[in-house]
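One structure is given here, and the rest of the page talks about it.
What follows is calculated from the coordinates using simple rules that are stated; it is not laboratory data. Since the model is a prediction, treat every value here as computed from it, not as a measurement. Neighbour counts are summed over all protein chains in view; Cβ atoms, including those assigned to glycine, are modelled from backbone coordinates with ideal geometry.
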Amino acid sequence: MSHSERYVVVGHHERRVRAERLAFDLGAHLLIDEGNNGANWNHRRALEWAAEQSCRVVVAEDDALPVSGFSGKVAEWLARFPDALCSFYLGTGRPPQYQLEIASKLIAADKARSDFITMPRLIHGVCYSVPQHHIKRVLDKWNYSKAADYAVGDAYGGTVVYPCYSLVDHADGQPVEPARDHQPRTERRRAWRLHV
């Protein structure tokens, strides 16, 4: 089974070993932030690279933990939603203001036997894919002052598809860059549900 997707891993130099291992596992292009430029800068760099590719690109952060059979599952979702921004991680803890909405949407999806929910914005940068034909617009509308996930999603400006069962978990370590809101990250940041 051949997949037409490509992968790019955004990594921080303090997590180089993990980033290199993930990039190797995914056969991904690796972009290491050597100078503490920040996630916003590195995610923009990833999308600039993605814009030059002839196929759909999946961006993953160095602390993403893909499930077994990840590439095949990603290919299925991207085939289903060729025109949607897809996030393959739906996390607990952060951002706190969206957790109640996520919980209620997951319950509603279960009742409707749906395997995905939608949210009005991208709330995690752990692993996502912007449709190729929207990348230029995202780059044109990019806001350098926002957190990376909001910068991507808000520039995209559309609904985001989240599988109910995430295709990556999050290695919940300490963030390598200080949070923009200067609040400590004490919440457990793991996937709500993980695809097994």
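Using packing as a proxy for protection, rank 131-137, 71-77 so that the peptide with the highest average count of other Cβ atoms within 10 Å comes first.
Sorting 131-137, 71-77 by mean packing, highest first, produces 71-77, 131-137.
Considering only the other residues whose Cβ falls under 10 Å of the Cβ of ALA64, what net charge follows from Lys and Arg at +1 and Asp and Glu at -1? Around ALA64, the surrounding residues sum to -3. For the peptides 95-105, 112-122, 48-58, 144-154, the ranking by mean Cβ contacts within 10 Å, running from highest to lowest, is 144-154, 48-58, 112-122, 95-105.
Couplings 3J(HN,Hα) for segment 19-29, derived from phi with the Karplus relation 6.51 cos²θ - 1.76 cosθ + 1.60 (θ = phi - 60°), are 4, 5, 5, 5, 4, 5, 4, 8, x, 9, 6 Hz, where x marks Gly and Pro.
Within the shell defined by Cβ-Cβ distances under 15 Å, the residues around VAL138 carry a net charge of +2, with Lys and Arg each +1 and Asp and Glu each -1.
Summing charges over all other residues whose Cβ lies under 11 Å from the Cβ of SER166, with Lys and Arg as +1 and Asp and Glu as -1, gives +2. In sequence order, segment 98-109 has phi-based couplings of 9, 5, 5, 4, 4, 4, 5, 5, 5, 4, 4, 5 Hz under the Karplus curve 6.51 cos²θ - 1.76 cosθ + 1.60, θ = phi - 60°, and Gly or Pro positions carry x. Between the labelled values (1) 114; (2) 245; (3) 135, the entry that holds volume of the Cα convex hull per residue in Å³ as derived from this structure is (1).
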